[in-house]
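Below: one structure, written as structure tokens.
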Amino acid sequence: MLLGGLAVALWFDALAARELAARHARRLCQEAGLQLLDHTVSLQRLGFARRDGRLCLRRRYGFEVSFDGTDRHPANIGMVGRSVGTWTLPVREVANGLPPIGD
């Protein structure tokens, strides 16, 4: 029974962490002017990290974003415990006929 309780606790912890990552992804997309596609994130990696001397889970979630609704680009958010550690978002290419930097 103890093992079953532990499994349920881990399951709820994973759901809460995923929801927190999704909220952070929505906020990042809003600040960057991007659309979060599918309104969800998916776990890509799971590992351990030390934070303030304590061992905690490090999770990396992937999601897709769009600049205008017609394209799809990968993005990710890394969480250590309940805090955002890193994230990557795509950068829009300048295609207005401007010369490349340095020319």
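What follows draws every value from the coordinates through simple rules; no lab data is involved. None of these values were measured; they are calculated from a predicted model. Using ideal geometry, Cβ is built from the backbone for each residue, glycine included, and neighbour counts are taken over all protein chains shown.
Dipole size of the chain about its Cα centre, with +1 on Lys/Arg Cβ and -1 on Asp/Glu Cβ: approximately 640 debye, rounded to the nearest 20. Rounded to the nearest 0.05, what FRET efficiency is calculated for C56 and R92 with R0 set to 35 Å and r the Cβ-Cβ distance? That pair, C56 with R92, gives E of 0.50.
If you fit an axis through the alpha-carbon atoms of helix 2-32 and take the longest principal axis of the Cα set of the chain, what angle between them do you get, 0 to 90°, nearest 10? That helix lies at roughly 20 degrees to the long axis.
Spin-label model, F12/E31: points 7 Å from Cα along the beta carbon direction are separated by 3.0 nm.
Taking the Cβ of R45 as the centre, find all other residues whose Cβ is under 15 Å away and add up their charges (Lys, Arg: +1; Asp, Glu: -1). It works out to a net charge of +4.
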